[in-house]
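Reading through the structure tokens given below for one structure.
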Amino acid sequence: MKKLLSIILCSTALLGACGTHKASEPTLKSALADKFYIGTALNSWQVAGRDSNITDIVTRHFNAIVAENCMKSESLQPREGEFRFRQADEFVAFGERHGMHITGHCLIWHSQLPRWFCTDEEGNNVSPELLRQRMKTHISTVVGRYKGRVKGWDVVNEAIMEDGSYRKSKFYEILGEEFIPLAFQYAHEADPEAELYYNDYNMFHAGKREAVCRLVRQLKERGLRIDAVGMQGHIDMQYPSLEEFEASINAYADAGVKVMITEFDMSALPSPWQSANLSDTLSYEQRMNPYVDGLPDSISAQWNARMMEYMQLFIRHADDITRVTTWGVTDGNSWKNGFPIRGRTDYPLFFDRQYRPKPFVEELIKSKK
Ligand code: XIL
């Protein structure tokens, strides 16, 4: 009897640590319900429910999801005409099962792009006609499959540089600026009800801000649908300033679209630069990985204070912001542990490695009780 009691007590304590809860307890999504969707990126392992603590956090606190990798072109169409939908199907089914807002990420991107898409067997660029046809097939097959189920798509990801010029991607080399309106047109034709987004990092840079506003206006002038601009939001402890970030929220809203914070995380580590460009990987250096054994309290306090300021900024702009999505669930599974330097221990997300909400999250929830 005593043993049984101690098992019950022990498992209750463990469950408590892992976030088990009463249905009536306030959560992030209830605290932010009248502001915007609060979302998270999910990897396929999480979608499959391999970690029940993650499933618990996701279903309790979030009402929106985006696929971290399984909807990228190299995953969905690794070889021409060979579509692999299993993981994406499971991701969409997960969102539907839990009544979540589902975002598709992403249709046209220079990264995680299979080589066949833009080049022939000798590595030469394909013709503009062939690339247009391949874009159309990819977009209409993918968007068509999830018609009415995926609520919005990151149609084009990361096409503009900080100075406002176009990224010299294969899409740009072959089709010029025209690849962007074409992608939006094909996506709209495949699901006229779906929201369509342009998504990019460092969206607070003045040069990029102006170019993205110009792009939004051009698409609208041509009668093409664009609902929102996604500001990825991979930030760190110094950059960007809240003022710069706010200036961009205002500028995109003034250009006539909604704003979404689509890939929100804040690195607690020293940053070699302000880029989220995947090719910028530095080699591992000890001094760049100072908190392997845990984040010191003083750094944690600064980190939480800055996250709170950002969340308050988003709340102040809730008329323009429709969704805030974190890029991952807990620190342990964040891409920031591997980018821009491999093998670091970072602390960028809303929940820690023990599945506990960070202090600023608890404060946010409490403030709405
Ligand atoms: C990242 C994923 O988180 C990683 O798992 C993957 O190895 C590389 O891509 N900008 C984007 C995201 O738009 O798709 C990227 O996601 C992070 C940067």
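The values are calculated or read from the model by the stated rules, or taken from the named source; none is laboratory data. Just so it is clear, the structure is predicted and the values come from calculations on it, not from any experiment. Neighbour counts run over all protein chains shown; Cβ positions are idealised from the backbone, glycine included. Quick note on the areas: whole protein, heavy atoms, side chains included, nothing else; ligands and nucleic acids left out. Shrake-Rupley method; radii C 1.70, N 1.55, O 1.52, S 1.80 Å.
FRET efficiency for the Ser140 to Glu96 pair, using the beta carbon distance and R₀ = 35 Å, is estimated at 0.95. As a calculated quantity, the FRET efficiency between Asn125 and Lys220 at R0 = 25 Å, using C-beta atoms, amounts to about 0.25.
Label separation (Arg356 vs Lys147): 5.0 nm, computed from points 7 Å beyond Cα along the C-beta direction. For Arg214, neighbours were defined as the other residues whose beta-carbon sits under 14 Å from its Cβ, and their charges (Lys and Arg +1, Asp and Glu -1) total -1.
For region 194-243 versus region 120-178, the spacing of their alpha-carbon centroids is 17 Å. Of all beta bridges that DSSP places with both ends in the chain, some 10 percent have antiparallel geometry.
Hydrophobic, long helices, defined as DSSP H runs whose alpha-carbon span along the helix axis is 15 Å or greater and whose mean Kyte-Doolittle value is at least -0.5, occur in the chain at 2-17, 179-190, 242-254, 297-316. If a/c stays under 1.5 just call it rounded; otherwise compare a/b with b/c (prolate if a/b is bigger, oblate if not). Do that for region 32-366, with a ≥ b ≥ c from the square roots of the Cα gyration tensor eigenvalues. Cα axes put region 32-366 in the rounded bin. For the chain, the carbon plus sulfur part of the accessible surface works out to 50%, probe radius 1.4 Å.
For a modelled paramagnetic label at Ala301, 7 Å from Cα along Cα-to-Cβ, the residues of region 339-369 in reach, with backbone nitrogen under 15 Å, are 359-360.
Applying 1/(1 + (r/R0)^6) with r as the Cβ-Cβ distance of Arg316 and Arg60 and R0 = 35 angstrom yields a FRET efficiency of 0.85.
Accessible surface area normalised per residue over the chain is 44 Å², counting heavy atoms of protein chains with a 1.4 Å rolling probe.
For the chain, the dipole from Cβ point charges (+1 on Lys and Arg, -1 on Asp and Glu) about the Cα centre works out to 1180 debye, to the nearest 20. Working from label points 7 Å from Cα in the Cα-to-Cβ sense, the Arg342 to Glu25 distance is 3.9 nm. Are there GluC sites (Glu not before Pro) in region 174-241 that DSSP marks as loop and that have at most 14 other Cβ atoms within 10 Å, and which are they? Answer by residue number: Glu193.
For region 32-366, the relative contact order is 17 percent, taking Cα pairs closer than 8 Å that sit 6 or more residues apart in sequence and dividing their mean separation by the residue count.
In terms of packing, defined here as the mean over residues of other Cβ atoms within 10 angstrom, the peptides 124-131, 72-79 line up highest first as 72-79, 124-131. Segment Glu243..Ser367, full-extension length gain: 42.2 nm, with 0.36 nm per residue of separation and the alpha-carbon distance subtracted.
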